[in-house]
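A.B. asks: The structure's right below; bear with me while I get my questions together.
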Amino acid sequence: FWEILEKNLNDKHGKSPVHSIDDIIRLISCVGADKVKLFAAYHDSKMVCGMVLFITSAKAIHAQYIGLNDDYQEYRPLNVLIDQVIEWGHKSGYTYFNLGTANEDEGRNLNQGLFYFKESFGGRGVLRETMTLVL
């Protein structure tokens, strides 16, 4: 999955994941494997899409990383994967599924395509204000 994620982020944004795979492994050793989960979609036994979920509370799950091999986009594996995570989350008793932000330029611009994509799964936007205290 990490190879898919790194390629996806580099191709689309020229960036790397905020965390390294070693960071994620270290996190799992600190919080437990039950708090970090990988969900994946496969085509002909090949992983084509995945999502790293953080279990943030008894009520909430957070999609920390989502990666897609664009060669398989025609099959819409990400759509299927998100549907499966929503179903799993509901059956597991979670109330909230955070798909992350849909903004760019440090929150100055809304990525409308991404926002609409997330809304297509029933998601709704939440305004989070950031305040700074100068000491």
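A.B. asks: Express in % the proportion of alpha carbon pairs of the chain at distances exceeding 20 Å. Present the calculation step by step, with values, prior to reporting the outcome.
C.D. replies: Details: 4694 of 9045 pairs.
So the portion of pairs separated by more than 20 Å is 52 percent.
A.B. asks: Amide H to amide H, which residues 5 or more places from Asn111 or on other chains are under 5 Å from it, using H placed in the peptide plane?
C.D. replies: Residues meeting the amide H criterion: Asn103, Glu104.
A.B. asks: Top mean-square fluctuation among Asp44, Asp23, Asp83, Gaussian network model of the chain, C-alpha springs under 10 Å?
C.D. replies: Asp44
A.B. asks: In addition: May I ask which of Lys91/Lys118; Lys15/Lys59; Lys7/Lys59; Lys15/Lys91; Lys12/Lys59 have a Cα-Cα span longer than 25 Å here? If you can, show how the numbers build up before the last one.
C.D. replies: Values: Lys91/Lys118 20 Å; Lys15/Lys59 31 Å; Lys7/Lys59 32 Å; Lys15/Lys91 35 Å; Lys12/Lys59 32 Å.
Where the Cα-Cα span goes over 25 Å, the pairs concerned are Lys15/Lys59; Lys7/Lys59; Lys15/Lys91; Lys12/Lys59.
A.B. asks: Report for the chain the percent antiparallel among DSSP-assigned beta bridges with both residues inside it, nearest 5. Before the final figure, lay out the partial values.
C.D. replies: Numbers: 17 of 20 bridges.
Bridges in the chain are about 85 percent antiparallel.
A.B. asks: Under the Kirkwood approximation for Rh and a Cα-based Rg, what ratio Rg/Rh is obtained for the stretch 88-135? Spell out each step's value before the answer.
C.D. replies: Numbers: Rg = 14.1 Å, Rh = 12.8 Å.
With Rg and the Kirkwood Rh in hand, the quotient comes to 1.10.
A.B. asks: Quick check on the chain: helices-only [θ] at 222 nm, where DSSP H runs of length 4 and up contribute -39,500 (n - 2.57) each and the sum goes over total residues. Nearest 500, please.
C.D. replies: Values: 4 runs with 46 residues, N = 135.
Value at 222 nm, helices only, nearest 500: -10500 deg cm²/dmol.
A.B. asks: Here is a follow-up. State, as an integer percentage, the relative contact order of the stretch 6-55 based on alpha-carbon contacts under 8 Å between residues 6 or more apart. Please report the intermediate quantities before stating the final value.
C.D. replies: Numbers: 38 pairs, mean separation 11.9, N = 50.
24 percent.
A.B. asks: Moving on. Among Arg108, Arg26, Arg124, which one shows the biggest mean-square fluctuation in a GNM of the chain, springs joining Cα atoms closer than 10 Å?
C.D. replies: Arg108
A.B. asks: Convert each backbone phi in the stretch 84-101 into a coupling constant with the Karplus relation 6.51 cos²θ - 1.76 cosθ + 1.60 (shift: θ = phi - 60°), then list the ³J(HN,Hα) values in order as whole Hz, x for Gly and Pro.
C.D. replies: 3J(HN,Hα) across the stretch 84-101, in whole Hz: 5, 5, 4, 4, 4, x, 5, 5, 8, x, 7, 9, 10, 10, 8, 8, x, 7.
A.B. asks: Which whole-number percentage describes the relative contact order of the chain, with Cα contacts under 8 Å and a sequence gap of 6 or more? Don't skip to the end; give the middle numbers.
C.D. replies: Working: 152 pairs, mean separation 24.2, N = 135.
It comes to 18 percent, rounded to a whole number.
We did not get these values from a lab; they are worked out from the coordinates using the rules stated. Computed from a prediction, not measured in an experiment: that's the story for all the values here.
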